[in-house]
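Heads up: the structure comes next, in C-alpha cells.
The values are calculated or read from the model by the stated rules, or taken from the named source; none is laboratory data. These figures come from a predicted structure and were not determined experimentally. Because the Cβ atoms are built from the backbone with ideal geometry, glycine has one as well, and the counts that use them run over all protein chains shown. Ligands, DNA and RNA are stripped out before the accessible areas are found, and what is left, the full protein with its side chains, is counted by its heavy atoms. Shrake-Rupley method; radii C 1.70, N 1.55, O 1.52, S 1.80 Å.
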Amino acid sequence: MTYEITGKTKLAALLGSPVAHSISPQMHNEAFRCLGLDYAYLAFDVQPEDLETAVKGLKAIGICGFNLTMPLKLHILPMLDELTPAARLAGSVNTVIAEGGRLVGHTTDGIGYMRSVADAGHTIAGGKMTLLGAGGAATAICVQAALDGVPAIDMFKRKNSSWGKAEEFCARIEEETGCQIRLMDIGNDSQLAASIAGSAILTNATSVGMAPGTDSSPIPDSSMLHPGLVVSDIIYNPRETMLMKQAKSQGCPCFNGLYMLLYQGAESFRCWTGQEMPVEHIKEKYFSGGALGGAARKQ
C-alpha cells in the first residue's frame, strides 16, 4: 500500500530524552501504513526545561496526540487540562490525547506492562511483586498490577526528597485498590533481598542498566534471585540487560521491555485513531528474536 505524507497528514509524536534509540516511530508509522491512515509519527529529543515550550508548539499546530518517555512523564502533568482515571491514580502520563484544543493525559504503561507479562507466559495475580523505582513507569505498573489482582507490592526507591510523595502514592493506591503496598529504601540490601525472596516477580522500572550504562544492575548481587522468580526489565536497550544476565545465571525466567513498549504503544494508537494497531504484524516485523529472554520464555 502506498504511504505518502499529504497536506492533511495528522501528526503524532514521542517526546523525551534520549529518543534516538526508540523504535516507536517505526512501529506507529508501519501501523498507519498497514491501515491506510493519513498519520505520521516523529520523535523529538526534549529536556524537561523545554517541555512547556514544545507542548505549546505542538498544540498550536494541531497535533493529534503524543507519547512521553523518560524523564518527562511527571513534568507534563501541570500542562494538561484533564487526566483519565488511570493517569490520576498513577500520577504520571505517557500518552496525551488532543481533543478540541484540550490536552487529556492518559497512562498506557501499566496496561502495556501487564500485557507483556501475559505474552511472556506468566500469571502473577496472587503473587507478590518487588518493584524497583517510583517514577512514571513504576507508578503506572504499580497501579495496573494492583487493579489486575496482585495482592502485595514492595516498591523500592532512593530515600531522597521525593520520599514523602512516594509514601502518599502508596497509601492512596492501597486505599483505592486493597493491594498491600510497602515503600522501601532501595539502598537497604537486606530489605531488598527479603522482599525478592518472597516475591513471584521482580520488576526493574528504573533506568539502571540502560545504554550506555550497560554494566550496571539495580540489584547488587545475583544471589538475591531464586529459581522460579520471574525477572522483568522495562529497559529494551540493550535487549539483554545486566539484570537479565544475572537472572539467567540463577535459572530465572526473564524478559525485557520490548513487549511493554509494543502493547502500551498499541493502546496509545487506539486512543489517537480509534482503531486497533495490527499488533501481530508489528510484532513479527520489529520484535521477533529478541523481545523475550530466549529459552527463559515460557512456551
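Observations, loosely collected:
- For residue 249, the conditions (1) on the phi < 0 side of the Ramachandran plot; (2) without any contact (Cβ under 8 Å) to a residue 24 or more places away in the chain all hold with the exception of (2).
- Hits in region 87-113 - residues which are open to solvent by 30 Å² or more (accessible area, probe 1.4 Å) and either among the acidic types (Asp, Glu) or touching a residue at least 24 places away in the same chain (Cβ under 8 Å) (or both): 98, 99, 101, 111
- Residue 136 vs. criteria open to solvent by less than 20 Å² (accessible area, probe 1.4 Å), out of contact with any Lys or Arg (no Cβ under 7 Å at 6 or more places or on another chain) and not hydrophobic (A, V, I, L, M, F, W, C): no
- First in region 40-62 and at positive phi, second anywhere and surrounded by 15 or more Cβ atoms within 10 Å (Cβ to Cβ) and at pLDDT 95 or above, Cβ under 9 Å, 6 or more apart: 62/10; 62/11; 62/98
- The numbered conditions (1) within 20 Å of the chain's Cα centre (by Cα); (2) hydrophobic (A, V, I, L, M, F, W, C); (3) modelled with pLDDT of 95 or more are all true for residue 90 except (3).
- Helices (runs of 4 or more DSSP H) wholly inside region 160-252 that include at least 1 residues being within 24 Å of residue 73 (Cα to Cα) and open to solvent by 10 Å² or more (accessible area, probe 1.4 Å): 163-177
- Hey, residue 54 in a helix (DSSP H, G or I) and open to solvent by less than 20 Å² (accessible area, probe 1.4 Å) or not: no
- Note on region 13-39: residues that are under 22 Å from the mean Cα position of the chain (by Cα) and on the phi > 0 side of the Ramachandran plot total 1.
- Taking region 119-131 as the range and being among the hydrophobic types (A, V, I, L, M, F, W, C) and either open to solvent by less than 40 Å² (accessible area, probe 1.4 Å) or at pLDDT 95 or above (or both) as the test, the residues that pass are 120, 124, 129, 131.
- Of all the criteria given as (1) over 30 Å from residue 172 (Cα atoms); (2) open to solvent by less than 20 Å² (accessible area, probe 1.4 Å), the one not satisfied by residue 39 is (2).
- Scoring residue 268 on the criteria (1) in contact (Cβ under 8 Å) with a residue 60 or more places away in the chain; (2) in a helix (DSSP H, G or I); (3) farther than 30 Å from residue 33 by Cα; (4) open to solvent by less than 50 Å² (accessible area, probe 1.4 Å) leaves a single failure, condition (3).
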